[in-house]
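Down below is the structure, laid out as structure tokens.
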Amino acid sequence: MVIAVEAYKLAYMALPKAACSSVKEALARIDPDVELPPEDKIDVHTWHDLYPTRRFRPHRWEKMQGHWRFCVVRDPAKRLMSVYTNRVLQFEDTKNSIKLRDGRDWLPDLPREPDPDTFFLNLEAYSQASSSIKHHALGAWLFLGRDFDAYEKVYRTEELGQLAYDLSLLTRQTVTMPRRNTSETTLALEDLRGETIDAIRPFLDQEYEHLEAFYKNPLGARVHDACATQVARVS
């Protein structure tokens, strides 16, 4: 499902862990088709109930031609680290996983409150054990598509102020961009052990390649790219 505000012909594709709670709230507060609950009943889940995040479907996006189509991207390493700090530490997705609690034959014996290295070394298994972990750790292209030319504008999470300004111009409404669902703790890629970084490197390489117009890969060139370069030099 595309998140659309028909009154202003806006269309937004949400990427989990890329300020989507903040953007959804900003849109909901100007969308005349949305009926908000009382303020004391509002929490972070309110915005996701109003505007569920769905995977990208080209045929649905094509129907949004004529709308001002946009998305927000985030540095892949920071986005992946926030899966741990937000979903594991803050929302306790792994601790509350029934599959991890009760055990499954196809799941390894994993701690329900893992440290960062244990979590990322076993990310696939934790994704199988928790649909929420899986949802938030999927690649950006599944939610945004592979062609960014399909958008009128792509914002980085560092540019939410510009997004609010642009939405204000487009809607002639005062649009503010709150900071919602931020992690209570921080975790950086360099905080992980080398073997952990090696384990998640293939995923990050793919993500940085997809988002190369917006972020530089801190891990450098992929191994096969580096080898190809070396061969070319020798030749």
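The values are calculated or read from the model by the stated rules, or taken from the named source; none is laboratory data. From a predicted model like this one, the values you see are computed outputs, not experimental measurements. Don't worry about glycine lacking a Cβ; one is built from the backbone with ideal geometry, like all the others, and counts go over all protein chains shown. We work out accessible area using only protein heavy atoms, side chains counted, and drop any ligands, DNA or RNA first. Shrake-Rupley method; radii C 1.70, N 1.55, O 1.52, S 1.80 Å.
If you scan the range 180-218, which residues turn out to be touching a helix residue (DSSP H, G or I) at 6+ places or on another chain (Cβ under 6 Å) and modelled with pLDDT under 95?
Arg180, Asn181, Ser183, Glu184, Thr185, listed by residue number.
In the set Thr85, Thr94, Thr46, which member is among the polar types (S, T, N, Q) and in a loop (DSSP other than H, G, I, E, B)?
Just one listed residue meets the conditions, Thr94.
Could you pull out the residue among Arg201, Arg179 that is in contact (Cβ under 8 Å) with a residue 24 or more places away in the chain and of a type in the set (Lys, Arg)?
Answer to the selection: Arg179.
Being β-branched (Val, Ile, Thr), within 20 Å of Thr157 (Cα to Cα), open to solvent by less than 50 Å² (accessible area, probe 1.4 Å) and touching a residue at least 12 places away in the same chain (Cβ under 8 Å) narrows it down to one of Val23, Val5, so name that one.
Going through Val23, Val5 in turn, just one is β-branched (Val, Ile, Thr), within 20 Å of Thr157 (Cα to Cα), open to solvent by less than 50 Å² (accessible area, probe 1.4 Å) and touching a residue at least 12 places away in the same chain (Cβ under 8 Å): Val23.
His136 fails exactly one of the following numbered conditions: (1) out of contact with any Lys or Arg (no Cβ under 7 Å at 6 or more places or on another chain); (2) surrounded by 16 or more Cβ atoms within 10 Å (Cβ to Cβ); (3) under 27 Å from Glu190 (Cβ atoms). What is the number of that condition?
In the conditions (1) out of contact with any Lys or Arg (no Cβ under 7 Å at 6 or more places or on another chain); (2) surrounded by 16 or more Cβ atoms within 10 Å (Cβ to Cβ); (3) under 27 Å from Glu190 (Cβ atoms), His136 misses (1) alone.
Residues that are under 26 Å from Glu195 (Cβ atoms), surrounded by fewer than 17 Cβ atoms within 10 Å (Cβ to Cβ) and free of Cβ contacts under 8 Å to residues at least 12 places away in the same chain: does the range 141-163 have at least one?
No; the residues of the range 141-163 include none that is under 26 Å from Glu195 (Cβ atoms), surrounded by fewer than 17 Cβ atoms within 10 Å (Cβ to Cβ) and free of Cβ contacts under 8 Å to residues at least 12 places away in the same chain.
Any residue that is modelled with pLDDT under 95 and more than 19 Å from Arg69 (Cα to Cα) - is there at least one of those in the range 139-152?
Checked against the condition, which is being modelled with pLDDT under 95 and more than 19 Å from Arg69 (Cα to Cα), the range 139-152 yields no hits at all.
Matching residues to (1) exposed (fewer than 15 other Cβ atoms within 10 Å of the Cβ); (2) in contact with a His (Cβ under 8 Å, 6 or more places away or on another chain); (3) among the charged types (D, E, K, R):
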{"residue": "Asp31", "(1), (2), (3)": "no, no, yes"}
{"residue": "Tyr51", "(1), (2), (3)": "no, no, no"}
{"residue": "Phe56", "(1), (2), (3)": "no, no, no"}
{"residue": "Glu62", "(1), (2), (3)": "yes, no, yes"}
{"residue": "Gln65", "(1), (2), (3)": "yes, no, no"}
{"residue": "Trp68", "(1), (2), (3)": "no, no, no"}
